[in-house]
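Step one of this worksheet: look at the structure below.
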Amino acid sequence: MSDLSSPLDEADLRARVQTIVDEVLTAEGSVLAGVSDDLAPMIETLTDLMAGGKRMRPAFCYWGWRGAGGDAAQDEAAMRAAASLEFLQACALIHDDVMDGSDTRRGLPAVHRRFAGLHRASAWLGSPEGFGVGAAILLGDLCLSWADQVLLTAGFPDDAQSRGKAVYDLMRTELMAGQYLDLLEQARGGGSVERALTVVRFKSAKYTIERPLHLGAALAGADASVLSAYSGYGLPLGEAFQLRDDILGVFGDPQETGKPAGDDLREGKRTVLIAVAVERSTPKQAAVIRRHLGDPGLGTEGVEALRSIISETGARDHTEHLISELLDSALCALDSADIDPTARDVLTGLAHAATKRSV
């Protein structure tokens, strides 16, 4: 692997993905402008949202393709297919923020909040919040549509495109299933660590790493052994990635996460971290968790009280240990995978990047 600041920048991936995203937004912005000038805020909002992000999913898709022996003549097609995942991710983020009632995303107002603000500033009729939610749902739907469009026009032969689309369709179904299970856990007030891990697997692990790898591999025409090796690497790594996100959602620096400190606590997210803390809490600690978790007006004192309980119960240390175990399992599977050596090096770097983010 080259001596770059991040494995995400190998093969100029982030810059190339951004170029493709910008091209798509420019083209689709022209389509929307042809409908009405009133649609300009939709493209402006999406341009701001999609100017940031780690580009993890495109990276795993592209290097999954490279690892499986993808034809160098189709390199640009592979990058376009990988970039399609950024539009799927934008859809997921926009809709997830609506479901969670989040105020911010990547340091900016969440899409539904931004459109509510537009409504309020324009003194339009009706509810600003209702308008914001409706606009966000529609913008997320547009992103989902454009993700299909970018993937299916990436430039692969029909047989490769068909293989890739089958993986892509499965990935979307798993993602929506995981999102529903996440909603269900919050409605039920949380449950076992096992149930929380099921949400992690389907809402994040498969969608973030395993299926993007499979998409790249399918486009390259990989056999079952490569797909199996990618699962052995991608599933535990995807779970570790989400567990790291869970820790960041409670203990992370807002400058790094783009969200206020303790935002996951205000949203009442029933993560593995919280499930472990609840299982290990004393009656007094459990009462504090019930009182504060999910309180949208939770202040600094409440955040600190919950953080202390999470640490005192050993939930944070336990989750860190799980992350280490899952990372080791992923790297072991990668070491034994019969894939391109350059891709193996980059995927090793990506595994560390996905799990070692600072708090």
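The values are calculated or read from the model by the stated rules, or taken from the named source; none is laboratory data. Predicted model only: the values in this text are computed from it and were never measured. Here the Cβ is made from the backbone with ideal geometry for all residues, glycine too, and neighbour counts use every protein chain on show.
In the stretch 139-180, what residues are under 30 Å from residue 295 (Cβ atoms) and surrounded by fewer than 18 Cβ atoms within 10 Å (Cβ to Cβ)? Matches in the stretch 139-180: 176, 177, 180. Within the set 80, 120, 172, 114, the sole residue that is at pLDDT 95 or above, farther than 22 Å from residue 21 by Cβ and basic (Lys, Arg) turns out to be 120.
Restricting attention to the stretch 9-39, the residues being part of a helix (DSSP H, G or I) and more than 30 Å from residue 241 (Cα to Cα) number 13. Would you check which residues across the stretch 9-25 are among the charged types (D, E, K, R), surrounded by 17 or more Cβ atoms within 10 Å (Cβ to Cβ) and over 18 Å from the mean Cα position of the chain (by Cα) and list them? Within the stretch 9-25, 10, 16 meet the criteria.
Restricting attention to the stretch 211-220, does a residue exist that is in contact with a Gly (Cβ under 9 Å, 6 or more places away or on another chain) and among the charged types (D, E, K, R)? Looking through the stretch 211-220, at least one residue is in contact with a Gly (Cβ under 9 Å, 6 or more places away or on another chain) and among the charged types (D, E, K, R).
Of all the numbered requirements in (1) part of a loop (DSSP other than H, G, I, E, B); (2) among the aliphatic types (A, V, I, L, M); (3) in contact with a Leu (Cβ under 6 Å, 6 or more places away or on another chain), residue 42 misses one, and that requirement is (1). Candidates are the residues of the stretch 256-266 that are in a helix (DSSP H, G or I) and without any contact (Cβ under 8 Å) to a residue 60 or more places away in the chain; the one that is nearest to residue 181 (Cα to Cα) is 264. Looking only at residues in the stretch 102-136 that are among the hydrophobic types (A, V, I, L, M, F, W, C) and within 18 Å of the chain's Cα centre (by Cα), which one is nearest to residue 91 (Cα to Cα)? For the stretch 102-136, the residue satisfying everything is 136. Looking only at the stretch 233-266, filter to residues that are surrounded by fewer than 24 Cβ atoms within 10 Å (Cβ to Cβ) and of a type in the set (Lys, Arg); which one of those is nearest to residue 206 (Cα to Cα)? Checked the stretch 233-266; the qualifying residue nearest to residue 206 (Cα to Cα) is 244. Looking only at residues in the stretch 217-230 that are in contact (Cβ under 8 Å) with a residue 40 or more places away in the chain and part of a helix (DSSP H, G or I), the one that is surrounded by the most Cβ atoms within 10 Å (Cβ to Cβ) is 219. When you look at residue 115, is it buried (at least 21 other Cβ atoms within 10 Å of the Cβ) and part of a loop (DSSP other than H, G, I, E, B), yes or no? So residue 115 does not fit the description; no. Only one entry in 238, 140, 232 is touching a Ser or Thr at 6+ places or on another chain (Cβ under 6 Å), modelled with pLDDT of 95 or more and not hydrophobic (A, V, I, L, M, F, W, C), namely 238.
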